[in-house]
Amino acid sequence: MTRARAVLFGVCWVLSSCASPSRAVDPAATPSPASGWTQTWSDEFDGPAGATIDATHWTFDVGGGGWGNKELESYTDRPKNAHLSGDGSLVIDVLREPFTGPDGIARDFTSARLKSQGLFAQAYGRFEARMKLPKGQGLWPAFWMLGSDITSVGWPACGEIDIMENVGFEPGIAHGTIHGPGYSGAGGIGAPFSLPASLRFADDFHVFAVEWEPSVLRFYVDAQLYATRTPANLPSGKRWVFDHPFFLLMNVAVGGEWPGSPDATTVFPQQMLVDFVRVYRR
């Protein structure tokens with residue numbers, strides 16, 4: 001994730017209910033990729049309301065230590081914070097509640113952070129998720145990827161691909177960013193995508209995607225290409241590290257150095273809904 005995420009992975013990478021929402025999915029809103037892509041992995045989040053997350057696809061990061069960004073939430077693995085909606089979505093519930101996690105850190109907010117580390121990773125392909133984001137000052141939803149070699153080389157040498165980040169004070173803007181050695185944290189190489197004026201990512205589902213091939217990354221929102229990154233975009237002398245398998249992450253942070261803290265306008269609980277996560281290969 002962008003901005004101060006550098007500290008998180010330099011120091012903390014080892015850390016490893018609301019009513020069910022209803023929605024009608026328009027098949028036209030979930031197009032398949034162009035011909036030439038073959039699906040290799042997916043989670044459609046089908047199952048009964050309140051069911052737990054598929055443990056063959058996802059595991060959890062837990063804890064309330066700020067995650068290198070001065071975040072204010074404690075991530076948990078409780079169904080209260082991450083569960084199935086019963087109509088085909090993952091629900092990440094972001095709650096204002098006093099909570100002390102197994103790390104002994106007391107926080108006033110809880111959320112969830114899912115990852116496929118150790119369960120699924122892939123080099124190159126199309127990685128996409130159809131999501132409806134939460135809203136409010138101080139919220140920070142993200143859909144992103146980390147190099148699977150993080151346990152041996154650390155961050156940012158492993159590389160990071162932020163497919164989507166949104167901060168509450170920019171309700172209609174999504175950011176796509178890459179991080180690597182010499183271009184990490186606030187120095188990540190990114191670009192914004194803006195919805196038409198007055199529209200917000202909390203108002204409807206949108207598909208966030210990256211297409212990753214050797215020496216190129218292309219970022220999309222709803223099939224609209226808005227940024228392309230190649231080794232030519234790196235600072236002089238810096239290394240392109242997007243050449244090995246990456247795993248997936250999804251989370252909603254509360255507070256932090258980029259979004260700032262919630263204020264009197266922020267309404268809790270909030271939800272991030274994920275209709276699907278799908279991965280393809282050429």
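Points to keep in mind about this one:
- The range 27-151: Rg to Rh, with Rh as the Kirkwood radius over Cα pairs: 0.98
- Take the Cα of Arg239, go 7 Å toward its beta carbon, and the backbone nitrogen atoms of the range 151-194 under 14 Å from that spot belong to 152-160, 180-183.
- Exposure proxy ranking for Glu160, Glu211, Glu44, Glu128, based on other Cβ atoms within 10 angstrom of each Cβ and starting from the fewest, stands as Glu44, Glu211, Glu128, Glu160.
- Estimated 222 nm signal from helices in the chain, with DSSP H stretches of n ≥ 4 weighted -39500 (n - 2.57), rounded to 500: 0 deg cm²/dmol
- Distance histogram for the range 31-83 (every C-alpha pair counted, 5 angstrom bins, percent rounded to whole numbers): 4, 15, 18, 16, 14, 14, 12, 8, 2
- Here His57, His83 are placed in order of increasing Cβ neighbour count within 10 Å, fewest first, which gives His57, His83.
- Summarising the label geometry, the points placed 7 Å from Cα in the beta-carbon direction at Ser152 and Arg282 lie 2.5 nm from one another.
- Paramagnetic reach from Ala123 (point 7 Å along Cα→Cβ, amide N under 14 Å) across the range 137-181: 147-150, 158-159
- Cα convex hull of the chain, projected area averaged across orientations, nm²: 13.8
- FRET efficiency for the pair Gln39 and Ser261, taken as 1/(1 + (r/R0)^6) with r the Cβ-Cβ distance and R0 = 35 Å, rounds to 0.30.
- Each of Leu84, Leu90 has some number of other Cβ atoms within 10 Å of its Cβ, and from fewest to most they run Leu84, Leu90.
- Net length gained if the chain between Phe169 and Asp204 were fully extended (0.36 nm per residue, minus Cα distance): 10.8 nm
Read the figures in this text as sums done on the coordinates, not as results from a lab. Just so it is clear, the structure is predicted and the values come from calculations on it, not from any experiment. All Cβ positions, glycine included, derive from the backbone under ideal geometry; neighbour counts span all protein chains shown.
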